[in-house]
Every structure is written in structure tokens, then in C-alpha cells.
Amino acid sequence: MYHRFDAVIVGAGGAGLMAAAQLAGKCNVAVITKLYPVRSHTGAAQGGIAAALANVEEDHWIWHMFDTVKGGDYLVDQDAAEVLAREAIDAIIELEHWGFPFNRLPDGRIDQRRFGGHTRNFGEAPVRRSCYAADRTGHMILQTLYQQSIKNQVVFFDEFMMLDLLLTDDGVCTGVVALDVETGEFHVFHAKAVLLATGGYGRVFKVTSNALSLTGDGVAIVFRRGLPLEDMEFYQFHPTGIYKLGILLSEACRGEGGILRNGLGERFMERYAPTLLDLAPRDVVSRSIYHEIREGRGVEGKDYVYLDLTHLPKEVIETKLADNTDFVRTYLGLDPVVDPIPIQPTAHYAMGGIPTDVDGRVTVDAQNTPVPGLYAAGECACVSVHGANRLGTNSLVDLVVFGRRAGKHMLQFVQENDLHPLPKEPDYRARAEVEWILENEGQEKVATIRAELQEAMMADASVFRTGDGLRRMQDKLVELRNRFTRITIDDRSRTFNTDLVEAIELGYLLDCAEAIVACALAREESRGAHYREDFPQRDDANWLKHTLVTRTSGGLELSYKPVIITRFQPKERTY
Amino acid sequence: MQVTLRIQRFNPETDTKPHYQEYTVEVEPTDRVLDALNQVKWYQDGSLTYRRSCAHGICGSDAMRINGRNRLACKVLIKDLGPKITIEPLLGFKVIKDLVVDLEPFFAQYRTVMPYLINDEPPPTRERLQTPEERELIEDTSKCILCACCTSACPIFWTTEWLGPAAIVNGHRFLFDSRDRATEERLAVLNQRFGVWRCRTIFNCTEACPRGIQVTHAIEQVKRRILFEQS
Ligand SMILES: Cc1cc2nc3c(=O)[nH]c(=O)nc-3n(C[C@H](O)[C@H](O)[C@H](O)COP(=O)(O)OP(=O)(O)OC[C@H]3O[C@@H](n4cnc5c(N)ncnc54)[C@H](O)[C@@H]3O)c2cc1C
Ligand code: SF4
Ligand code: SF4
Ligand code: FES
């Protein structure tokens, strides 16, 4: 089927819906989403959204900007970080006006709490900057934005999976191709502008806080179309995932006073981050946990440590951390009021992704040349405000600030530009991919290949990396790709074929993994979440630059682009 | 441990009516029912179809009937069910395939309660004020993830046309928001023929809610509000 719109948004999480709010009613816009909008993983975000409102104590956007830059180990583009920190305040107020039910102070203003890496006066001590709704801030963002979409009568194509992006030979974006999962039909969306807001790809790793559906679709599709990806080596592991399950326990647990303890009962963060302690940035805390485990100080000598909330008032645990408490009770059968909770780092957030400028325009080179009509925002994008390591509560800000900016820019773009003609047979690639999977006869199972990928990525490309490990991973990827050509699926029907969907998603995961590993192997230094045991120091002389990786007919090509530094010169990063 | 899953299957391309199929899988007692379904799908029968995403009870994708009760498959552990588990799609909705049902009518009901803040007064430059006590009134109903467990557990919903508990919960969320100004319009919707008065206070909905929302209580509060505004 053929559709024509001014603007098409792919993804209905926080980023996509925020952009939709700018366009609805002002131009002809549609949102395509493989999940029902309210099922998007933005709804899983717990702890909060940062903005220097200074409601509880003195705070300034420039402190927020500094923390973001330092937290990202100076790989952050500072023009973007400034936009983030300044516009966060406005965005929060806008959300409030749309009905977001923030927790409140006794005088009725928005309450704020502490979060990792957010500090007063350029690093002096933790500051209360995170606005929140109990421990379901993301749920409330998703609900609030979906409610606005209903109010604004946004047109949704629910359970439509994007399979391809349409670009002309001279690099103008003209639309997308999607599969209607329910019917198995192909749909061509012809548009003046497309926004990709498809979220992250945590499912490349075995232990992750990410939904089963977070398979990097948008990122992989862009990569397949020959556009570059940025900083793919930077993938964040959140310190407190529920042991083995990976389900996230929010940093808000530590923001409210929770403490990490090793097998000996020691508050081990005293050794690694004497000022911020348990509220040091995530890369630092995750590595510290693994250090403890390697030194044999995990609980019972095993590969986990404890998150201890038992000293907190029961009331705080039950109300401000209600969902987290529920997770622990449901999945571990433990009670956080009296039991310490077994945790291990869990794959959480992609700092890298589709390169964009501060207006969400997708860019293709070191000069930030934009692709006309193509935008990206949210976790799939890389502006880059998170650099080498994202601070907690900064992703939700990223979604609303840059989702909004992208939406506004798109509106202007569609008003000023005409529709470009579509290429001939716009859906041939998507059809070929689906037909191939439906008809292929081999011996390999999608689930087996996926499990091996996740296991291997966990072993060789997660918190600690080495040249040898990454090369081993590259070989493994060659093998897995090869086997992927021999998959067979059981379900050959057209209606709601999730067997097919999972096979397509595995293809995307393989692409994301390949990009991560190539970039990680090349970067011979340690910065933020990227830690090379064979190159343990940060090396600004050689590596203060963003990686761009592009797929060409000759294999993956790496190039680099400068980091934008405006206010804060790189310094050693201690907490 | 080994468990047997007895799952209702239906493929519209080949079946005229649903049938049951049994699978035996090896799982840990602490695994989720969703893990067991995944075992089947990934290693035994890829054609088994269900929705899922977050796998920890916050996205609302995998509402289904598990041993006769509406649950999220990712929020029930095997050890709480025993070795034989019957899994069926939610009642009251058209089955698209296996455990996947058509939720469009559910979302349509939701949309009729105007589930968004209505307040045309020019907003202040900063946040609107709301005290913690005022905020507390919507704490419970704002937790709703629109999973449909409650609505599809309601016997009234199976037989008559009516809003259903989930839509009322979301009406409540705005009706009791101190910032909202559309009380009259909201009550008109909730008070209509298909509105709150169809509820017989059977509590199935409250029992079914995976978010622990006091659904029946919220419906009662809405009823009282209607009576109060009318008097
Ligand atoms: C457990 C957890 C807790 C978190 N807590 C916090 C927090 O407290 N504060 C914070 O700042 N950040 C937090 N984060 C990070 C933050 O929530 C995410 O980075 C953010 O929500 C991503 O939003 P998004 O809009 O980019 O994507 P998502 O919300 O993931 O949405 C992706 C959308 O894309 C659609 N989609 C994907 N692929 C396709 C396709 N092929 N075709 C069509 N549609 C597609 C999906 O349907 C979905 O609608 C947390 C993350 C997790 C996992
Ligand atoms: S209490 Fe009302 S809404 Fe809930 S199940 Fe009973 S009749 Fe239905
Ligand atoms: S009230 Fe509870 S059961 Fe009903 S839709 Fe909302 S979360 Fe689901
Ligand atoms: S998969 Fe999200 S609620 Fe179960």
C-alpha cells in the first residue's frame, strides 16, 4: 500500500512522541511503531529526568552542562550539552503543563532528588536535580506524551515494523517501507521528512535492562543504507541490574541513600570514588563492582554484590521506590526492607548511534553535512550529549529536548520543501528480505544464533575489553553471520508472524554488534564506558574524537570527527 | 523442573476454530511464564504467537489468561503455578492469532474518556502548583499501563457494551487531578448509559490488575463524585 505524508516518525517512545507533538495539527504527520505506543521502553525508565530547576537547592544549567561533559569523559559535543542543560528546564515545565504528575514539594512545586554524577558547583557534592514521579518517571513521560498525541489526533500505524529507509541516489530521504505485522502487507510511506526514533539495542548483550524488542532497528537500517554511525564503542552498563535477570534497579535507589556492599559487607565505593561514593557515574561504579568480584570480594565469591537499602525508612522504600521494591519481591522473593539485593552490572544504554546535529538532522561526515529530510532523536541518535558515558536522568531529557527540536525543525523543513519522487519499486529490498527469510531452508535456529551472539558480546565486548577479546568477537561475528544465511523459521504465515519479526531483528543485532566491535577494537584508549585493559589510560592527544563507522562494499570503514569544545577543557576525571 | 504448557492456538489462515496444544519445557521454578513461552517459541515451535516486550511487568504487552486468571506472563513465576499451566488469550476480544487479541476496541474505549489534561487557562511561566496531598489522589490510577487485564476480567464487559474498568481508571486519573478543568465533560462521559453505573462491584478487575491499582475503589470514587456533583 502507498501512503503520502509530510512527515513520518518511526518510533513512539519519548523521542518520537515528543516530535509528533510539534507536528500534529500543523502538517500531515504519521507515527509508525512496531509496538503499541504505550508499550515502548521509555515506559521502563524509572528514576528521573534532570533539569536545573533549583527548586530544592541552588542549581544552574551550567553546572548541569559541566556534569554532562565530565560524565561523558569529555567526548561530549559541548554545544549540544549546552542546549540540553538550558532547554531541559523549559521541557520539564512543558511536560508539567501537559499534566505530568511530578512528585511535589509541600509548597506545590516539583520535587527533585539526587542522581549519579549530578553535582553542585562543578563537582563539589551531589545536587538535587532529578525531577521524578516515584520510580516510574518514564512511564509517566510515555503516558503524558501519548495522551497529548490522542488530544492532537496524531495518526498512528501501530504494530508496523519499518524494514527500509528510502534515499535517492543523491542522498535525499524520501520515506520508509514498513511491514504491517498483523496482515503481513508491505506499506510504502512517501514523505518529505522522516524521523527515526527507534530506541536502543541492549539485546546484543546477554544481561540487559532493555526490552526484548530493543534490537537497534533504526540504527542498523541506516548503517545498511551506507550512512555512518557514531561512537558505537560506547555502550553503558548500569551497575544495578537484578542478578542474572538484568532487570534494572534504578539509580534512584542510591539517590535515596542506598549503598553498594561487597561480600565482606564493605562500602567498597569509598575506595574508588571518595567524594561521590555510590553516586559516582555508572561507568566508574560498574567497573568498581567488577574489580571487587575479580578480587574475590563478590558475595560468597560469586559474580555479584549487594545493593543495600535496609537502612532506609520503610516508607521511602515502599513509596518512592515502589516499583523497584515490587520487582525485587516478584522476581527474587526478597524484601528490600530487610534483605540486601543481589545485583550485577546490566547492559543499559547506547551512547552511540545515528549522528545528528542539535536540530536532529542526520549528518554524514566530519563536517556534519546533513541528509536532507532525514532526522533522528532519542537513544538511536548520537548528538552527542552523552559522549563516552551517559549520566542517569539525562536520557529522558535528551528525548524531550532533542525530540522537540527535531520536530520543530522538521515542521519548517516540510513547509519549505516539496516531495521528492520515490525510487522505482521502493519496497523491493524489504520484500526480498522477507521472502528470503520465509522461504529459506537451513539447519540454523534464530534463537541459537542470538543466544551465542549475546553470550559472546557479554564475554568480549562489555565492561572490560582487550584487543584479543575483540578480535575473537570479530571472528565469532563472521561465523554467526555465515550461519544466519542458513536459518529456517517455523512460521510461514503472513498473519502476525513474530517468528519472522525475530529473524529480521537478529539481522539488526548482528549489524549493531559488528559496528560496536569494529569501533571498540580501533579505539586504543580507555574513556568512559569503553575500557580497554590493554590501554587503560585516556589518551586525549590521539583519541579526543568521535568515531564514524560506515559499511562499504570493501568492509567497514572508520573515520573520525572532532569533538566540539566550547566551555570546558578536558581534565582528569575523578569523583 | 519440567512443566507442561497447554496453550490455546489459532491461526486464521488455516484454522476455523481454536484448539489446544501441549508443550513440555525444562524451566527453573523462579522463571517467568514468559520464559517458558519463549522456550517453546525459540526452541520447539516458532509459530507460537504472543506479544511481549519489557519482560518485567511495565509495558503491558503480555496480558493473557494463565490458569484461568488474567495475568502478565512476565509477572507470574512458574513456582506459583505448578507443573501444568493452561494459557489462553484474553476474553472478550477478537483473537488475531494464538494469544494475540485485537485491542483496538479497548483503546477506543480509553479514548472516549478524554485521557489528557484539559485546562485552557494560560499556564504560568513555571510549573502549575499541586500539593503532595492533591498529587496523592492520582497516584494510584496514574500507574495504569493499559494492559487490559481488568477490562477483560469484568463479566459485564463480556456481555454488554460498556466503558470497562481501564477506561474509568484513566478517567479517574484526570477527574481527580487538581489541575484539570473539564470535570463536567468528564462526568458526562462517565455517567452515560455505558458508564460507571454498569459496574456491579464484583472486584474481578482489582484482583486482575498487575499494577495493584484499586480499580473498583476508583470506580466507586467516580460514582460518588457524580452523585456529589449532581446534588
Ligand atoms: C529500565 C530502564 C530504566 C531507565 N531509567 C532512566 C531514567 O530514570 N532516566 C533517564 O533519563 N533514562 C532512563 N533510561 C533510558 C531511557 O529510558 C531510554 O534511553 C529512552 O526511553 C529511549 O527512548 P526512545 O524514545 O529513544 O526509544 P524507546 O522508548 O525505546 O522507543 C522505541 C520506539 O521505536 C519503535 N520501533 C523500534 N524499532 C522499530 C521498527 N523497526 N519499526 C517501527 N517502530 C520501531 C518501538 O515500537 C518504540 O515505539 C532507562 C532505560 C531503561 C531500559
Ligand atoms: S468491579 Fe465493576 S468493573 Fe470491576 S469487574 Fe466488577 S463489574 Fe467489572
Ligand atoms: S487498571 Fe490495571 S489491569 Fe487495568 S489496564 Fe490499567 S494496569 Fe491493566
Ligand atoms: S512483557 Fe512487558 S508487561 Fe510483560
Looking across the stretch B:114-167 at residues that are among the hydroxyl-bearing types (Ser, Thr, Tyr) and closer than 30 Å to B:LYS75 by Cα, the single one that is surrounded by the most Cβ atoms within 10 Å (Cβ to Cβ) is B:THR151
Within the stretch B:44-54, residues in contact with a Lys or Arg (Cβ under 7 Å, 6 or more places away or on another chain) and within 19 Å of B:VAL25 (Cβ to Cβ) come out as B:LEU48, B:THR49
Reported set for the stretch B:19-35 where residues are within 14 Å of chain A (Cβ to nearest Cβ), open to solvent by 30 Å² or more (accessible area, probe 1.4 Å) and not acidic (Asp, Glu) is B:GLN21, B:PRO29, B:THR30
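Does B:LEU129 meet the test of being modelled with pLDDT of 95 or more, farther than 25 Å from B:GLU161 by Cβ and aliphatic (A, V, I, L, M)?
yes
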In the stretch A:423-440, anything more than 14 Å from chain B (Cβ to nearest Cβ) and at pLDDT 95 or above is listed as A:PRO426, A:ASP427, A:TYR428, A:ARG429, A:ALA430, A:ARG431, A:ALA432, A:GLU433, A:VAL434, A:GLU435, A:TRP436, A:GLU439
Quick one: would you say B:GLY92 is touching a Cys at 6+ places or on another chain (Cβ under 9 Å) and surrounded by fewer than 23 Cβ atoms within 10 Å (Cβ to Cβ)?
yes
Those residues of the stretch A:197-214 which are buried (at least 24 other Cβ atoms within 10 Å of the Cβ) and assigned to a loop (DSSP other than H, G, I, E, B) amount to A:ALA197, A:THR198, A:GLY199, A:GLY200, A:TYR201, A:PHE205, A:SER209, A:ASN210, A:ALA211, A:SER213, A:LEU214
Counted residues in the stretch B:107-150 being more than 10 Å from chain A (Cβ to nearest Cβ), within 15 Å of the chain's Cα centre (by Cα) and farther than 20 Å from A:ARG104 by Cα come to 5
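Kindly indicate whether any position in the stretch B:206-213 is more than 12 Å from the chain's Cα centre (by Cα) and away from ligand 1 (no atom under 16 Å from the Cβ).
no
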Filter the stretch A:15-30 for residues that are within 14 Å of chain B (Cβ to nearest Cβ) and open to solvent by less than 10 Å² (accessible area, probe 1.4 Å); the one that is nearest to ligand 3 (Cβ to nearest atom) is A:LEU17
(Q) With the structure loaded, tell me whether A:ALA347 is more than 22 Å from A:GLY246 (Cα to Cα), touching a strand residue (DSSP E or B) at 6+ places or on another chain (Cβ under 7 Å) and of a type in the set (A, V, I, L, M, F, W, C) or whether it fails that test. (A) no
Scanning the stretch A:304-351 residue by residue, those open to solvent by 10 Å² or more (accessible area, probe 1.4 Å), among the hydrophobic types (A, V, I, L, M, F, W, C) and touching a residue at least 24 places away in the same chain (Cβ under 8 Å) turn out to be A:LEU312, A:VAL316, A:ALA322, A:LEU332, A:VAL337, A:VAL338
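Answer yes or no as to whether A:HIS420 is closer than 30 Å to A:LYS545 by Cβ and open to solvent by 20 Å² or more (accessible area, probe 1.4 Å).
It is false that A:HIS420 is closer than 30 Å to A:LYS545 by Cβ and open to solvent by 20 Å² or more (accessible area, probe 1.4 Å).
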*Please verify whether the stretch A:124-140 includes one or more residues that are acidic (Asp, Glu), open to solvent by 10 Å² or more (accessible area, probe 1.4 Å) and at pLDDT 95 or above.*
no
Would you confirm whether or not the stretch B:179-195 contains a residue that is touching a helix residue (DSSP H, G or I) at 6+ places or on another chain (Cβ under 8 Å), facing chain A (nearest Cβ under 9 Å) and either within 16 Å of ligand 4 (Cβ to nearest atom) or closer than 30 Å to A:THR325 by Cβ (or both)?
yes
Next item on the list: With respect to A:ALA12, determine if the residue is more than 14 Å from A:TYR375 (Cα to Cα), within 14 Å of chain B (Cβ to nearest Cβ) and open to solvent by 10 Å² or more (accessible area, probe 1.4 Å).
Entry: no
Of the listed residues (A:ILE49, A:ILE93, A:ILE62, A:ILE89), the one being surrounded by 24 or more Cβ atoms within 10 Å (Cβ to Cβ) and modelled with pLDDT of 95 or more is A:ILE49
Pairs returned, first residue in the stretch A:456-476 that is basic (Lys, Arg), second residue that is part of a loop (DSSP other than H, G, I, E, B), beta-carbon separation under 8 angstrom, 6 or more apart or interchain, are A:ARG465/A:TYR531; A:ARG465/A:GLU533
With the first residue restricted to the stretch B:71-93 and required to be touching a residue at least 40 places away in the same chain (Cβ under 8 Å) and closer than 15 Å to B:VAL40 by Cβ, and the second required to be open to solvent by 10 Å² or more (accessible area, probe 1.4 Å) and among the acidic types (Asp, Glu), Cβ contacts under 6 Å at 6 or more apart or on different chains are B:ILE78/B:ASP31
Only one of (1) away from chain B (no Cβ under 14 Å); (2) in a helix (DSSP H, G or I); (3) at pLDDT 95 or above; (4) open to solvent by 10 Å² or more (accessible area, probe 1.4 Å) does not apply to A:GLY218, and that is (4)
Log entry, pairs with first residue in the stretch B:27-46 being small (Gly, Ala, Ser), second being in a helix (DSSP H, G or I), beta carbons closer than 7 Å, six or more apart or on different chains, reads B:ALA36/B:ILE78; B:GLY46/A:ASP499
Checked against (1) touching a residue at least 12 places away in the same chain (Cβ under 8 Å); (2) under 24 Å from A:LEU142 (Cα atoms), A:ILE93 satisfies every condition except (1)
Scanning the stretch A:171-199 residue by residue, the ones that are within 14 Å of another protein chain (Cβ to nearest Cβ) and of a type in the set (S, T, N, Q) total 2
Suppose the filter is assigned to a loop (DSSP other than H, G, I, E, B), under 20 Å from A:ALA45 (Cα atoms), touching a Leu at 6+ places or on another chain (Cβ under 6 Å) and open to solvent by less than 10 Å² (accessible area, probe 1.4 Å); does A:VAL401 pass it? no
The residue that is nearest to ligand 4 (Cβ to nearest atom), considering only those in the stretch A:238-251 that are within 21 Å of A:ARG465 (Cα to Cα) and open to solvent by less than 10 Å² (accessible area, probe 1.4 Å), is A:GLY246
Mind checking whether some residue in the stretch A:131-150 is assigned to a loop (DSSP other than H, G, I, E, B), more than 10 Å from chain B (Cβ to nearest Cβ) and out of contact with any Leu (no Cβ under 7 Å at 6 or more places or on another chain)? yes
Checked pairs for the stretch B:184-211, first more than 16 Å from ligand 3 (Cβ to nearest atom), second open to solvent by less than 30 Å² (accessible area, probe 1.4 Å) and small (Gly, Ala, Ser), C-beta under 8 Å and 6 or more apart or across chains, list as B:ARG186/B:GLY171; B:VAL189/B:GLY171; B:VAL189/B:GLY195
Here the qualifying pairs (Cβ atoms under 7 Å; residues six or more apart or on different chains; first in the stretch B:121-134 and polar (S, T, N, Q); second not in a loop (DSSP other than H, G, I, E, B)) come out as B:GLN130/A:ARG104; B:THR131/A:ARG104
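The values are calculated or read from the model by the stated rules, or taken from the named source; none is laboratory data. What you are looking at is a predicted structure, and each value in this text was computed from that prediction instead of being measured. Methodologically, a virtual Cβ is constructed for each residue, glycine included, from the backbone with ideal geometry; neighbour enumeration extends over all protein chains shown. SASA here: full protein model, heavy atoms, side chains in, ligands and nucleic acids out. Shrake-Rupley method; radii C 1.70, N 1.55, O 1.52, S 1.80 Å.
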